[in-house]
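The values are calculated or read from the model by the stated rules, or taken from the named source; none is laboratory data. All values derive from a computational prediction rather than experimental measurement. As a convention, Cβ positions derive from the backbone with ideal geometry for all residues, glycine included, and neighbour counts pool all protein chains shown.
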Amino acid sequence: MIQIRRLSSTDSRFDEALGRLLAFEDEQDAAVDAAAAEILADIKKRGDEALLGYTRRFDHLDAGSMAELELPHDRMQSALQSLPADQRSALTEAAARVRAYHEKQLMQSWSYVEPDGTLLGQQITPLDRVGLYVPGGKASYPSSVLMNAIPAKVAGVGELIMVTPTPRGETSDLVLAAAAICNVDRIFTIGGAQAIGALAYGTHTVPQVDKIVGPGNAYVAAAKRRVFGVVGIDMLAGPSEILVICDGKTNPDWIAMDLFSQAEHDELAQAILLSPDPVFIDAVAASIARQLEAMSRKRVIHTSLEGRGALIQVRDLDEACAIANRIAPEHLELSVEQPENWMTKIRHAGAIFLGRYTSEALGDYCAGPNHVLPTSGTARFSSPLGVYDFQKRSSIIQVSAEASARLGRIASTLAHGEGLQAHAMSAEYRFQNSAAAIPDGSGSSISEPIALPPRL
């Protein structure tokens, strides 16, 4: 029998109990971190030779050269064509929805000209090359390919390198088909911390990337932590989370299954229900007990719900929203009447699912928004993965001769105040003879500001 904790916001020690429920110490195991550090150092030093050795050791795949660990493009296409029609159709439609949503996130270059001729603006450029880590072998996560690769491609990333382990040569046609749909440029059948090192430092065969995205095991996470700064990373994600706010009028079986949908990810996943209706909470608890036995991952769900799950009675929906903001969950379902009215009270959540028919699972696969979301309360200051994570902003400044006198004096005063003489003189040189035209090195004078295109 499952024993999921019950809490009430009216209890005098509720805040303390909620704090204990939310506490999650993501202590990096010293042995895992040390192993990742050793592997990274070896990849940096020996490159392909080390990569082949670790692939042989951990994936039991004995390749004579790195050429054997790169999949040809036709292998992706054959995987796509070999899928059953329903799977191929589902992947294609999901990809189209994800792409349509992310196309609306594209940032554009812009500029404006001040009355004195000074031009200020912002130039948007995509990253040159991105690495995508995808769990492999018997694991099959094509949705991870869609959610990471599509925004990168929409952003205009020049080259997308995918790495995925293939222990004993096991590959997932679903994953490879997703890569084909997303136009992934190259795939290497490598994994673990060694794959992260290859992407971060580059080897003779694996090109160095600018950013690494995608989920992985503890060794992958430890390696991503260590290479951050050499390359960018998407985020340091914790266990999956779902918080459901319900007014008590949704089918309790639906809510129980929504809680299961995240609990089945991981024994450390967190599933919480907030409701002002004690009778409804009892009904959800009964549904959990009844439906659990039929679940293929019932052991994982049981451990997750007993260890980190909770059914919480609140005074009203206003209090539920306040508690939700304290939790700042990865996924938040507002299973209530007129959810759009309550959405405005939510300040911190990775993704908000409105209404009784909007299950979190739709967001994982095909609704359109990204399923790579901030966890462990980081939604207080972080956002979902998106196109903007694969674009960079460069500030554009062009000062006219007229403006150099006004701005130069401001800069000179502030620079002298900071004791930075060269800064001050650099500005002063340009306004000491500001009445004269300033040559641009070609015999002409700079008089017209440059014009930035809408998007570069």
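Determine, yes or no, whether Leu120 is in the same structural domain as Ala152 (by TED's automatic domain parsing) and touching a helix residue (DSSP H, G or I) at 6+ places or on another chain (Cβ under 7 Å).
Answer is no for this residue.
Can we say Thr358 is of a type in the set (Val, Ile, Thr), in the same structural domain as Thr250 (by TED's automatic domain parsing) and at pLDDT 95 or above?
The answer is yes for Thr358.
For the range 43-71, which residues satisfy the criterion of being among the charged types (D, E, K, R) and under 28 Å from the mean Cα position of the chain (by Cα)?
Within the range 43-71, Lys44, Asp59, Glu70 qualify.
Just to be sure, is Ala100 in the same structural domain as Val175 (by TED's automatic domain parsing), under 25 Å from Gly368 (Cβ atoms) and at pLDDT 95 or above?
Yes, satisfied.
Just name the residue that is farthest from Leu146 (Cα to Cα) out of those in the range 359-383 that are among the hydroxyl-bearing types (Ser, Thr, Tyr) and in contact with a strand residue (DSSP E or B) (Cβ under 9 Å, 6 or more places away or on another chain).
Taking the candidates together, the pick is Ser376.
Contact list please: Cβ distance under 6 Å, first residue in the range 269-291 and more than 28 Å from Phe24 (Cβ to Cβ), second residue surrounded by 20 or more Cβ atoms within 10 Å (Cβ to Cβ), pairs at least six apart or on different chains.
Ala283/Pro252
Count, please, the residues in the range 150-163 that happen to be over 19 Å from Ser89 (Cβ atoms) and in a helix (DSSP H, G or I).
Counting residues in the range 150-163 that are over 19 Å from Ser89 (Cβ atoms) and in a helix (DSSP H, G or I) gives 5.
Just one of Asp440, Asp364 is at pLDDT below 95 and not polar (S, T, N, Q); which is it?
When all the criteria are applied, what remains is Asp440.
Out of everything in the range 292-311 that is touching a residue at least 60 places away in the same chain (Cβ under 8 Å) and within 29 Å of the chain's Cα centre (by Cα), what residue ends up being surrounded by the fewest Cβ atoms within 10 Å (Cβ to Cβ)?
Applying the filter and picking the extreme gives Glu306.
Looking only at residues in the range 325-345 that are in a helix (DSSP H, G or I) and more than 15 Å from Ala23 (Cα to Cα), which one is farthest from the chain's Cα centre (by Cα)?
Asn341
Restricting attention to the range 374-427, which residues are more than 30 Å from Ile212 (Cα to Cα), acidic (Asp, Glu) and modelled with pLDDT of 95 or more?
Once the filter is applied, which keeps residues that are more than 30 Å from Ile212 (Cα to Cα), acidic (Asp, Glu) and modelled with pLDDT of 95 or more, the range 374-427 yields only Glu418.
Given the criteria touching a helix residue (DSSP H, G or I) at 6+ places or on another chain (Cβ under 6 Å), buried (at least 24 other Cβ atoms within 10 Å of the Cβ) and either without any contact (Cβ under 8 Å) to a residue 60 or more places away in the chain or not acidic (Asp, Glu) (or both), does Pro126 qualify?
No: the conditions fail for Pro126.
State which residue pairs qualify: first residue in the same structural domain as Ala100 (by TED's automatic domain parsing) and inside the range 138-158, second residue part of a helix (DSSP H, G or I) and among the basic types (Lys, Arg) in any location, beta carbons under 9 Å apart, and separation of 6 or more residues or different chains.
Leu146/Arg99; Ile150/Arg99; Pro151/Arg99; Lys153/Arg99; Val154/Arg99
When you check Glu70 against the structure, is it acidic (Asp, Glu), closer than 30 Å to Gly121 by Cβ and either at pLDDT 95 or above or loosely packed, with under 15 Cβ neighbours inside 10 Å (or both), yes or no? Can you show your working first?
Working: acidic (Asp, Glu): yes; closer than 30 Å to Gly121 by Cβ: no; either at pLDDT 95 or above or loosely packed, with under 15 Cβ neighbours inside 10 Å (or both): yes.
Taking the combined requirement at face value, the residue does not satisfy it.
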